[in-house]
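Heads up: the structure comes next, in structure tokens.
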Amino acid sequence: SIYRDTDAKYMLFVTKKGLVKKTGLKEYIDTKKKTGIGAITLKEGDELAAVTLIKDEPLIIMTNQGNVIKFNSIEVSATSRMTSGVKGIGLNEGDYVVAALPVRNEKDDLAIISTAGTGKRMKQSDILLQKRGGKGLNCFKASSSVGSVAGGQLVNDEDSILIVGNQSSICISAKDIPVMSRIATGNILSKSGKV
């Protein structure tokens with residue numbers, strides 16, 4: 001979707017283990033190889049969690065256990081294609097990154113969807129800007145009854161969200177997802193089983 005975001009300056013990569021790498025978009029566009037090019041060096045046991053286009057806006061990273069960090073992407077220096085990145089978020093044992101979201105509008109809410117089909121929206125103002133590398137804030141209390149975080153998205157009332165489950169999928173209006181506090185687990189959005 002490069003043509004939809006022509007002002008983007010960088011490709012941003014976030015790994016499951018919380019590393020963040022930013023590389024100038026020109027390094028990918030100007031390469032003439034037909035066989036593909038290397039984009040990132042992954043450390044053993046790590047894999048990509050998210051790839052996005054970014055300018056210099058803040059970034060939100062969310063983990064499976066519900067930790068969320070928001071920091072300025074300017075804190076991540078641009079590096080060449082085959083580097084591995086720097087720590088974006090510190091992880092608890094067994095936790096991993098599920099989403100990385102550039103903040104293009106500070107008024108957007110953060111929608112959080114759990115593996116059990118519950119969901120909520122949080123005001124972005126409840127997520128304080130921090131330095132990269134910290135553990136962030138816990139914004140969803142994972143448990144056996146409500147599951148863990150499947151994913152998230154920055155939304156406004158005009159947006160719709162497609163929730164894909166094991167049994168079926170549902171498309172709902174973002175305004176139908178309740179705005180709740182940081183400690184709330186959310187309401188049931190999908191009754192069809194796990195997301």
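The values are calculated or read from the model by the stated rules, or taken from the named source; none is laboratory data. Model, not experiment: these values are computed from the prediction. We place every Cβ from the backbone using ideal geometry, glycine too, and count neighbours over all the protein chains shown. For accessibility, only protein heavy atoms count, side chains too; no ligands or nucleic acids. Shrake-Rupley method; radii C 1.70, N 1.55, O 1.52, S 1.80 Å.
Seen from K107, the other residues with C-beta closer than 15 Å to its C-beta sum to a net charge of -3, counting Lys and Arg as +1 and Asp and Glu as -1.
Straightening the chain between E44 and S145 buys 33.1 nm, computed as 0.36 nm per residue apart minus the Cα-Cα spacing.
Rg over Rh of region 105-155, using C-alpha atoms and the Kirkwood radius, what does it come to? Walk me through the numbers before you get to the answer.
Details: Rg = 11.8 Å, Rh = 11.9 Å.
Rg/Rh for region 105-155 comes to 0.99.
Would you be so kind as to identify which of G136, A150, T118 lies farthest towards the positive end of the dipole of region 116-165, taking Lys and Arg as +1 and Asp and Glu as -1 on Cβ and the Cα centre as origin? Of the candidates, G136 comes out farthest on the positive side.
Structure shown: which of K9/K43; K9/K135; K16/K43; K70/K135; K26/K70 lie over 18 Å apart, alpha-carbon to alpha-carbon? K9/K43; K9/K135; K26/K70, as the Cα separations exceed 18 Å there. Histogrammed with a bin width of 10 Å, the alpha carbon distances of region 48-101 distribute as 22, 56, 22, 0 percent, first bin at zero.
Charge dipole of region 34-193 (Cα centre as origin; +1 on each Lys and Arg Cβ, -1 on each Asp and Glu Cβ, all else neutral): 140 debye, rounded to the nearest 20.
Summarising the amide proton neighbourhood of Y10: residues at separation of 5 or more, or on other chains, whose placed amide H is nearer than 5 Å comprise L25, I54.
Per residue, the convex hull spanned by the Cα atoms of region 57-139 measures out at 106 cubic angstrom. Along its principal axes, region 123-192 has C-alpha extents of 39, 32, 20 angstrom, given from the largest down. How many angstrom lie between the Cα centre of region 69-89 and the Cα centre of region 152-188? After rounding, the separation between the Cα centres reads 28 Å.
Start at zero, step by 10 Å, and the Cα-Cα distances of the chain spread as 9, 35, 35, 18, 3, 0 percent across the bins.
All other residues whose Cβ lies under 12 angstrom from that of R182 are scored, Lys and Arg at +1 and Asp and Glu at -1, for a net of +3.
Kindly report the accessible area of the chain per residue (heavy atoms of protein chains, probe 1.4 Å, no ligands, DNA or RNA), in Å². Don't skip to the end; give the middle numbers.
Numbers: 10140 Å² over 195 residues.
Dividing the accessible area of the chain by its residue count gives 52 Å².
Here the chain has 50 percent of its accessible surface on carbon and sulfur atoms, given a 1.4 Å probe and all protein chains in place. Placing a label point 7 Å from the Cα of N156 along the Cα-to-Cβ line, the residues of region 107-146 whose backbone N sits under 18 Å from it are 107-111, 121-126.
Extending 7 Å from Cα along the Cβ direction at I172 and again at E75 yields two label points whose distance is 3.2 nm.
Rank by packing, highest mean first: peptides 119-126, 180-187, with packing defined as the count of other Cβ atoms within 10 Å averaged across residues.
Working: 119-126: 18.9, 180-187: 15.4.
Answer by packing, highest mean first, reads 119-126, 180-187.
By the helix-only formula, in which each DSSP H run with n ≥ 4 contributes -39500 (n - 2.57) and the sum is divided by residues, the chain has a 222 nm mean residue ellipticity of -500 deg cm²/dmol.
Around G94, what is the net charge, scoring Lys/Arg as +1 and Asp/Glu as -1 over all other residues with Cβ under 14 Å from its Cβ? Taking every Cβ under 14 Å from that of G94, the sum is +1.
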